[in-house]
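Colleague: Structure in structure tokens, see below.
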Amino acid sequence: MLKSARRLAARAALAGLAGIASLAAVPAAFADTPVKFTLDWKFEGPAAGFLLALDKGYFKAEGLDVTIDSGNGSVEAISRVATGTYDMGFGDINSLIKLLDEDPSQKIKGVFMVYERPTFAIVGRKSLGVTDDPKSLEGKKLGAPPPDGAFAQWKAFKAVAGIDDSKITLESVGFPVREPMLAKGDVDAVFGFSFSVILNLKAQGVPADDIVPILMAEHGLNLYGNTVTVNTDFAAKNPEVVKGVLKALAKGFADAVANPQEGVDAVLKRNETLNPDIELERLTMANGQNIKTPYVVEHGMGGVDPARLAAAIETLKTSMGLKGAVTADKVFDASFLPPEGERKLP
């Protein structure tokens with residue numbers, strides 16, 4: 001009887017050791033893959049889709065440990081990913097095209113289009129003589145942040161809109177003073193993303209009926225906007241990780257469209273100084289103008305029309321002085337996208 005008890009105890013001890021060894025192996029086998037992701041700008045309403053994917057566990061469900069950092073502009077976000085400082089990011093596809101045109105060896109591609117229509121705008125004030133006619137900008141002083149994606153399109157926009165820029169003064173301004181300068185009347189209009197400038201002006205006390213947005217997409221500039229990007233070395237080593245990120249983002253953006261308030265709550269967790277009502281309006285504007293467009297309703301979010309992208313590259317030869325060294329297939333890789341049915345927005 002004693003021997004049997006000893007044998008059972010020994011077996012239990014061995015089983016326990018085996019179980020401990022098995023448990024010890026689990027974290028190594030199933031540890032979440034780290035992914036460093038950079039946004040284009042601060043944590044504001046339009047970032048809701050990214051943050052909901054994080055907060056609701058969509059990245060975690062794909063076995064990913066994603067870190068999302070704020071950015072300093074849609075142009076800088078491109079260089080962060082190209083240099084490998086970040087694995088993935090969110091930035092202006094037109095700036096990406098320019099980078100690849102200058103140096104095709106840069107290690108970055110677009111993989112998930114978010115702003116199917118660009119947010120590029122020149123926003124002025126009615127009281128300063130600006131109307132929704134682009135030619136009303138003639139004779140005015142425009143505030144232009146050098147790294148701004150909208151300002152980067154000025155050369156092409158003034159051509160398609162028939163603007164005589166010899167009558168316009170451009171003043172270089174920093175992002176922090178852009179809206180305050182317009183609010184004070186130091187400039188007549190500024191370049192920027194429509195939903196950012198309009199709502200920042202409201203926060204500065206400018207009446208809504210005095211704010212005049214001139215949306216470049218509505219005046220002949222048929223470009224794409226911001227896209228999710230990936231460092232191509234990272235993508236080559238981790239294709240399933242990239243697919244998992246995009247699958248999670250498709251869910252996050254669908255939630256931000258279906259329930260914008262939930263999206264704003266996710267943003268406010270990162271920046272409690274924001275005005276909830278302004279951020280809800282900002283997100284609603286981004287959803288309606290740039291994210292849930294007629295093309296996206298039909299085809300799902302994330303993809304591009306290769307012919308349209310090729311045409312956009314031709315336009316950028318004017319606005320950004322491209323040499324013609326890059327083609328659409330070198331700019332955007334659709335192979336990581338989830339099936340179309342998983343990219344439909346509510």
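The values are calculated or read from the model by the stated rules, or taken from the named source; none is laboratory data. Small disclaimer: the values here were computed from a predicted structure and weren't measured. Neighbour counts run over all protein chains shown; Cβ positions are idealised from the backbone, glycine included.
Colleague: Given the criterion outside the structural domain of GLY185 (by TED's automatic domain parsing) and hydrophobic (A, V, I, L, M, F, W, C), identify the matching residue among ILE78, ILE163.
Modeller: ILE78
Colleague: ILE214 is checked against (1) modelled with pLDDT of 95 or more; (2) more than 17 Å from the chain's Cα centre (by Cα); (3) assigned to a helix (DSSP H, G or I); (4) of a type in the set (A, V, I, L, M) and fails just one. What number does that condition carry?
Modeller: Result: ILE214 fails condition (3) only.
Colleague: Mind listing whichever residues of the stretch 113-129 are closer than 17 Å to ALA208 by Cβ, surrounded by 24 or more Cβ atoms within 10 Å (Cβ to Cβ) and of a type outside the set (Gly, Ala, Ser)?
Modeller: Passing the criteria: only VAL123.
Colleague: Looking at the stretch 114-139 only, could you name the residues that are out of contact with any Phe, Trp or Tyr (no Cβ under 6 Å at 6 or more places or on another chain), assigned to a strand (DSSP E or B) and of a type outside the set (Lys, Arg)?
Modeller: The answer is PHE120, ALA121, VAL123, GLY124.
Colleague: I'm trying to understand the selection: among the residues of the stretch 277-290, which are surrounded by fewer than 24 Cβ atoms within 10 Å (Cβ to Cβ) and among the small types (Gly, Ala, Ser)?
Modeller: Result: GLY288, single match.
Colleague: Looking at VAL230 and the list (1) crowded, with 17+ Cβ neighbours inside 10 Å; (2) assigned to a helix (DSSP H, G or I), which single condition is not satisfied?
Modeller: Answer for VAL230: the failing condition is (2).
Colleague: Same structure again: Here are some residues: ASN275, ASN287, ASN259, ASN231. Which one is under 26 Å from ASP133 (Cα atoms) and either without any contact (Cβ under 8 Å) to a residue 12 or more places away in the chain or touching a helix residue (DSSP H, G or I) at 6+ places or on another chain (Cβ under 8 Å) (or both)?
Modeller: Within the list ASN275, ASN287, ASN259, ASN231, the selection yields ASN287.
Colleague: Select from the stretch 310-335 the residues that are buried (at least 18 other Cβ atoms within 10 Å of the Cβ) and in contact with a Gly (Cβ under 9 Å, 6 or more places away or on another chain) and write down the one among them that is modelled with the lowest pLDDT.
Modeller: For the stretch 310-335, the residue satisfying everything is ILE313.
Colleague: May I ask you to list the residues in the stretch 291-309 that are buried (at least 17 other Cβ atoms within 10 Å of the Cβ), under 23 Å from PHE195 (Cβ atoms) and not polar (S, T, N, Q)?
Modeller: Just the residues of the stretch 291-309 that are buried (at least 17 other Cβ atoms within 10 Å of the Cβ), to begin with: 291-293, 296, 300-304, 309.
Subset that is under 23 Å from PHE195 (Cβ atoms): 291-293, 296, 300-304.
Answer for the stretch 291-309, where residues must be buried (at least 17 other Cβ atoms within 10 Å of the Cβ), under 23 Å from PHE195 (Cβ atoms) and not polar (S, T, N, Q): ILE291, LYS292, VAL296, GLY300, MET301, GLY302, GLY303, VAL304.
Colleague: In the stretch 48-96, what residues are in a helix (DSSP H, G or I) and charged (D, E, K, R)? Quick ask: steps written out before the conclusion?
Modeller: Taking the stretch 48-96 as the starting set, the residues that turn out to be in a helix (DSSP H, G or I) are 48-55, 58-61, 76-82, 93-96.
Once the filter is applied, which keeps residues that are in a helix (DSSP H, G or I) and charged (D, E, K, R), the stretch 48-96 yields ASP55, LYS60, GLU76, ARG80.
Colleague: Test of understanding: among ASP186, ASP148, which residue is outside any helix (DSSP H, G or I) and closer than 17 Å to GLN204 by Cβ?
Modeller: One residue alone meets the criteria, ASP186.
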